[in-house]
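Below is one structure, written out as structure tokens; comments come after it.
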Amino acid sequence: MERMKRIPEPMLEIADLSVRFAGKQVLESVNLDLYPGELVMAIGPSGSGKTTLLRAVNRLNEAYPHCNTRGQVRIRLADRWWDIYAPSTPLAELRLRVGMVFQHPNPLPFSIYKNVALPLRISLGMNPKETLLRVQRALEAVQLWSEVKDRLHDSALTLSGGQQQRLCLARVLALEPALLLLDEPTASLDFKATRHIEALFQTLKQRYPILAVTHNPGQMRRLADRVMVLQDGRCVAAMSRPEIEDPEHSRRVMEAFF
Amino acid sequence: MDGAKLMPHLLRAAALACTAAAGGILLVLIYLVLPLFTSGGWGSVIAWQWLPFQGRFGILPMVVGTLLIALGALAVATPLAVGVACFVQVLAPGRIKGICLALVHYMTSIPTVIYGFVSIFLLVPLIRQWFDRGTGFSLATATIVLSLLILPTIVLVLQATLRELDRSARVTCAALGFSRPAYIRHVLLPLCRRGLLAAVVLGFGRAVGDTLISLMLAGNAPMVPASPLDATRTLTAHIALVVATDSQSTFYHSVFAAGLILFLVMVLIQLILRRLGGTFTP
Amino acid sequence: MRPTANRRTSDLATTIFCWTAAVLTMLAVLAVMGFLLYRGAGTLGPNLFFGETHWWEAVRGVRPVFDGLWSALAGTALLVLLSCLLAVPTGIAGGIYLSEYGSRRFRAVAGFAVDLMAGIPSIVMGLFGFSLIVVLRHTFVPRAKTGLLLAAVCIALLVLPYLVRTTQNALAGLPSHLRLLGPSLGFTPWQNIRHVLLPSAGRGILSGVILAMGRAAEDTAVILLTGAVAQAFLPRSLYDKFEALPFRIYYMAAEHRTAAELDQAFGTALVLLMLTGTLFGLAFAAQRTMEKRWKG
Ligand SMILES: Nc1ncnc2c1ncn2[C@@H]1O[C@H](COP(=O)(O)OP(=O)(O)O)[C@@H](O)[C@H]1O
Ligand SMILES: [Mg+2]
């Protein structure tokens, strides 16, 4: 008899998640498990609730008015399960462990260095020396260091779109999150910058479980290990890697829902 | 020419009239202080003693009084206003935010004479009792009440800046795990410096220009106060007192000089606000 | 997942600071209003306004009111009315011109002049009016004296910049598709303003007008120098001295002789507060409906 293979535990469990904004149903009964080392992609037309799904994981929907969330989202940190919506879960600390990159690059109007350093100093209470090291490592990880090392104290707003997005990624990586949420991170970038960032994600997914969102089937084909198709807030189809790689199959799924 | 063709010209005339009015007021004031320049009268006005019946018309004590009261009011109101603005923009729960903001707006409409009146019967006796010195009409009393008067100006200008910043930075910072107080300290406040400066400058203008509060509460002694509990007199109160008491016209030079100084302070403030850029009207 | 102790204390300090500031401010305002209500509410009534005189005779001016604040109320009303008659058309027209017609240069110069005027302290405006009389006396009109008309002119100058600015802002705040609507229908600029822009911005302009009325009603420093007096009957002409609510409050604060007079002073203050409060409420409501309409 074959020895039973140990099933790895997921990092993130979304169970029966529903979100409403001012009474309008935006997500309905969404379920998802995310395992270590994989990149799961949610794909769907705009307005299908992709961003809302990501924001449900770090409770960012609550930053908007009239939001009502039901269902369960649990995350495993240091071998302990945390219910994200439990009142006892410290919110700011949770958000530190769940890194999010937004659809549009959103550097703060500080210097390049301060953008990465500020959360380290404030949220992690790091001393200046540690911070400097961490910032450098994070900027190297997104291959931005060589481009900005001589102008660290220029405003982050002077960077190009692709550079800004990599800066935002570095800012998140510097916090050493347990999980990455990527919300159409290349939507506002040109072709070259997109490829650059996609290559980064290929390497990052070895180290972080990633939940990403896109509306671009090509990107999905290049990056995703698993795909869930969202439509009007509901998960209407799922694909595994072999299915994604089968051009016929994925085309059929896409055509059915787009 | 029919009515519709005439209209733009009428509008233009109105706009010109508004512009001319500002210039006209300045010209009249300058015309009135002109004798001071020709007769070398500035020396008698720029002096430390106001003893009009002995021919001493110095208004420097009033300049100092104005500065002390206005700066004192700023020192009290600015931290309070920063707290209120941050409270309203970031910390306040939904309903309280609305109430608080409406109240601050409402404060702008409370007549200054009411602040003065109420303070005479509420604050002045308290000050007299607590410190057991003087009449209670003092620099300190006027400063406290004046800070309440300029508070809404500062809060509203500051909050307008905070609102813009908050719109772009709130979600980003939440996602980075900033607690809301940390967000206030490390992101909002460092980024709103320009708006804060504009707010403070506007508040200073309000404080310097107010008449009734200092007139009713500061005691009006034309001297440099030695302690916060001493009485003092501001430029605005000086104008009111001298003109309203039907004094001899030889006193008027000092009053016109005071008016010109106030006007020039306002010009300076406008220039500073222009330099800061943007529009900062509460 | 625990915040550092250091951070927790500074967070707590920030939170406490902001709450304290807000609570203190609210308490201060409520104290002012509460105190006035407590001392003044009892005096409200026909007696406060008309004393022993019958109200209808007082309103018709048949018999003078000696111990009520009818003449102060009427004086303030006249003052507001007159100054608005002067300032509202000019201010709105100026605002329209600045927003819709003026060249860049003109806008900059006039904008500066308007801001400057908005900054002029009201006592300086009063001084301006007073010196006008002094100058007139020495030149053309030896019998010129301060009075209702002069006060109204000065108050009009005081509120003029607010009217210009609120009109300008209300027009500037309109969405651009509205601005293009007229020309796309072949309207002239004035037709577009008259039939599209002004009706859309009306509420915003209205709120500016109401706020200006409030300022005209509350200002004390101007009338202090331009003809308000402690005892007067209804002004018979534009050149008469007059009574006004804010001046009466200022005067009675120092000059009350009896407890009854003091009570009346509290009543007067309460009346003025309610008047400006009502005007504020109306302006606020007008502004709110305007914002709702255009910000969806
Ligand atoms: N803060 C919000 N308030 C109200 N409705 C919202 C909010 N955020 C999203 N929605 C609504 O939810 C739906 C899904 O939005 P979103 O998750 O942003 O879609 P996607 O990212 O797939 O384009 C949209 O119809 C949108 O109008
Ligand atoms: Mg989206």
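The values are calculated or read from the model by the stated rules, or taken from the named source; none is laboratory data. Source: prediction; values computed, not measured. With ideal geometry, Cβ positions are generated from the backbone for all residues, glycine too; neighbour counts draw on all protein chains shown. All accessible areas refer to the heavy atoms of the entire protein, side chains included, with ligands and DNA or RNA removed. Shrake-Rupley method; radii C 1.70, N 1.55, O 1.52, S 1.80 Å.
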Requested in this report: Check whether at least one residue in the stretch C:188-204 is closer than 18 Å to C:Leu98 by Cα, within 18 Å of the chain's Cα centre (by Cα) and crowded, with 23+ Cβ neighbours inside 10 Å, and report yes or no.
Outcome: yes
Query raised in the report: Does at least one position in the stretch C:167-182 carry a residue that is outside any helix (DSSP H, G or I), open to solvent by 80 Å² or more (accessible area, probe 1.4 Å), without any contact (Cβ under 8 Å) to a residue 60 or more places away in the chain and out of contact with any Leu (no Cβ under 6 Å at 6 or more places or on another chain)?
Result: no
Requested in this report: State which residue pairs qualify: first residue farther than 14 Å from B:Ala92 by Cα and inside the stretch B:174-190, second residue basic (Lys, Arg) and surrounded by fewer than 22 Cβ atoms within 10 Å (Cβ to Cβ) in any location, beta carbons under 7 Å apart, and separation of 6 or more residues or different chains.
Outcome: B:Ala182/C:Arg7
Report summary line: Residue pairs qualifying under the 6 Å Cβ cut-off, at least six apart or on distinct chains, with the first in the stretch A:101-124 being under 17 Å from A:Gly162 (Cα atoms) and within 8 Å of chain B (Cβ to nearest Cβ) and the second being within 16 Å of ligand 1 (Cβ to nearest atom) and in a helix (DSSP H, G or I), are A:Asn106/B:Thr172
Report task. Scan the stretch B:79-121 residue by residue and report those that are of a type in the set (A, V, I, L, M) and not in a helix (DSSP H, G or I). Result -> B:Ala92, B:Ile110
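Residue-by-condition table, conditions (1) of a type in the set (A, V, I, L, M, F, W, C); (2) within 25 Å of B:Met223 (Cα to Cα):
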| site | (1), (2) |
| --- | --- |
| B:Tyr31 | no, no |
| B:Ser44 | no, yes |
| B:Trp50 | yes, yes |
| B:Phe53 | yes, yes |
| B:Met62 | yes, yes |
| B:Val90 | yes, no |
| B:Pro93 | no, no |
| B:Leu101 | yes, no |
Requested in this report: Go through (1) touching a residue at least 24 places away in the same chain (Cβ under 8 Å); (2) part of a loop (DSSP other than H, G, I, E, B) and name the single condition C:Gly186 misses.
Outcome: (1)
Report summary line: By my count, helices (runs of 4 or more DSSP H) wholly in the stretch C:1-71 with at least 1 residues that are within 14 Å of another protein chain (Cβ to nearest Cβ) and without any contact (Cβ under 8 Å) to a residue 40 or more places away in the chain are C:5-40
**Report entry** Members of the stretch B:24-44 found to be at the interface with another protein chain (Cβ under 9 Å from one of its Cβ atoms) and surrounded by fewer than 16 Cβ atoms within 10 Å (Cβ to Cβ), listed by number
**Finding:** B:Gly24, B:Tyr31
Report task. Scan the strands (runs of 3 or more DSSP E) fully inside the stretch A:4-89 and keep the ones with 3 or more residues being crowded, with 21+ Cβ neighbours inside 10 Å and either within 16 Å of ligand 1 (Cβ to nearest atom) or among the polar types (S, T, N, Q) (or both). Result -> A:12-21, A:24-34, A:39-43
Report task. Tell me, yes or no, whether the stretch C:33-45 has at least one residue that is basic (Lys, Arg), touching a helix residue (DSSP H, G or I) at 6+ places or on another chain (Cβ under 6 Å) and open to solvent by 30 Å² or more (accessible area, probe 1.4 Å). Result -> yes
Query raised in the report: Can you tell me which residues in the stretch C:229-285 are modelled with pLDDT under 90, within 14 Å of chain B (Cβ to nearest Cβ) and open to solvent by 70 Å² or more (accessible area, probe 1.4 Å)?
Result: C:Lys241, C:Ala254, C:Glu255, C:Ala259
Report task. Output the number of residues of the stretch A:24-51 satisfying the condition of being away from ligand 2 (no atom under 16 Å from the Cβ) and either touching a residue at least 24 places away in the same chain (Cβ under 8 Å) or polar (S, T, N, Q) (or both). Result -> 12
Query raised in the report: From the list C:Val159, C:Val141, which residue is on the phi < 0 side of the Ramachandran plot, assigned to a loop (DSSP other than H, G, I, E, B) and either more than 10 Å from chain B (Cβ to nearest Cβ) or surrounded by fewer than 18 Cβ atoms within 10 Å (Cβ to Cβ) (or both)?
Result: C:Val141
Report summary line: Of the listed residues (A:Ser123, A:Ser160), the one being at pLDDT 90 or above and small (Gly, Ala, Ser) is A:Ser160
Report task. Return yes or no: is C:Leu73 buried (at least 16 other Cβ atoms within 10 Å of the Cβ) and touching a strand residue (DSSP E or B) at 6+ places or on another chain (Cβ under 8 Å)? Result -> no
Query raised in the report: Does the stretch C:73-110 hold any residues that are closer than 24 Å to C:Val222 by Cβ and within 12 Å of another protein chain (Cβ to nearest Cβ), and which are they?
Result: C:Thr76, C:Leu86, C:Ala87, C:Val88, C:Pro89, C:Thr90, C:Gly91, C:Ile92, C:Ala93, C:Gly94, C:Gly95, C:Ala110
